[in-house]
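A quick write-up on the structure given underneath.
The values are calculated or read from the model by the stated rules, or taken from the named source; none is laboratory data. Computed from a prediction, not measured in an experiment: that's the story for all the values here. Don't worry about glycine lacking a Cβ; one is built from the backbone with ideal geometry, like all the others, and counts go over all protein chains shown. Ligands, DNA and RNA are stripped out before the accessible areas are found, and what is left, the full protein with its side chains, is counted by its heavy atoms. Shrake-Rupley method; radii C 1.70, N 1.55, O 1.52, S 1.80 Å.
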Amino acid sequence: MKQAVATTSIFKVVLVFTLLFSAFLAVAITYNRVYKLKNETIAIVEKYEGISRKSLTIINNYLQNSGYDTVGKCENGEYGITDLSSDTYELSQNNKDYYYCLNFFCQGSSCNVNDSSTPNGNQIFYNVKFFFKFNIPFIGELFTFNINGNTKGIKLYSETQKLS
């Protein structure tokens, strides 16, 4: 009888460690996928020198084709994308969910096109935020993580580069 109880206890421990390892592996793979989407989005923004209708169309098509469907809340002052089949964005609202969030900031004191107060001219930087949710089957969503990234400096040559 001692043998049966000991074997059952060891089996339970092995089962728990197997489940924990599988959960860790699933989280790592999903996080890596979203991280890659964020990096590709940053590369598209840098390639097209900012957020434009063309760059948004390319980003949204890429996200649709990759199967990204996670939504989350954007902070006040950020711009969010509510529809991946459209090339529009809107100023975030507290009660809405967005697929990803965008924001911009400028080097130097202002965000003027003709500002020459910085050595390299005025540069604009974009911040991109994606969402990653940790779900467990039969239990549901446990955590939501934000994955942020910034672009390199892009020379500000037009007011249309700024989100508005």
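The figures follow:
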| quantity | calculated |
| --- | --- |
| Two-site FRET efficiency, THR8 against ALA28, from Cβ-Cβ distance with R₀ of 45 Å, rounded to 0.05 | 0.90 |
| Pairs beyond 26 Å (Cα-Cα), from LYS54/LYS133; LYS96/LYS152; LYS96/LYS155; LYS129/LYS152; LYS133/LYS155 | LYS54/LYS133; LYS96/LYS152; LYS96/LYS155; LYS133/LYS155 |
| Unit charges on C-beta of K, R, D, E only; dipole of the chain, Debye | 620 |
| Viscosity 1.002 mPa s, 20 °C: Kirkwood-radius Stokes-Einstein D of the chain over Cα pairs, µm²/s | 117 |
| Spin-label model distance (nm) - ASN61 vs ASN94, 7 Å beyond Cα toward Cβ | 3.9 |
| 222 nm mean residue ellipticity, helices alone, for the chain (DSSP H n ≥ 4; -39,500 (n - 2.57); rounded to 500) | -13000 deg cm²/dmol |
| Computed FRET value (nearest 0.05) for PHE143 with LEU163, which takes r as the C-beta separation and R₀ as 30 Å | 0.60 |
| Accessible area in square angstrom per residue, the chain, 1.4 angstrom probe | 62 |
| PHE134-LEU15 FRET efficiency (beta carbon distance; Förster radius 22 Å; 0.05 resolution) | 0.55 |
| Positive-end residue, the chain charge dipole about Cα centroid, Cβ charges, pick of SER55, ASN127, THR70 | THR70 |
| Carbon and sulfur %, accessible surface of the chain computed with the full protein complex present, 1.4 Å | 57 |
| Label-point gap, in nm, between LYS47 and TYR35 - each point 7 angstrom along Cα→Cβ | 2.2 |
| Selected from PHE131, PHE143, PHE104 as most flexible by GNM, with the chain as the system and alpha-carbon contacts under 10 Å | PHE143 |
| Charge sum, other residues only, whose C-beta stays under 11 Å from PHE145's C-beta, Lys/Arg counted +1 and Asp/Glu -1 | +2 |
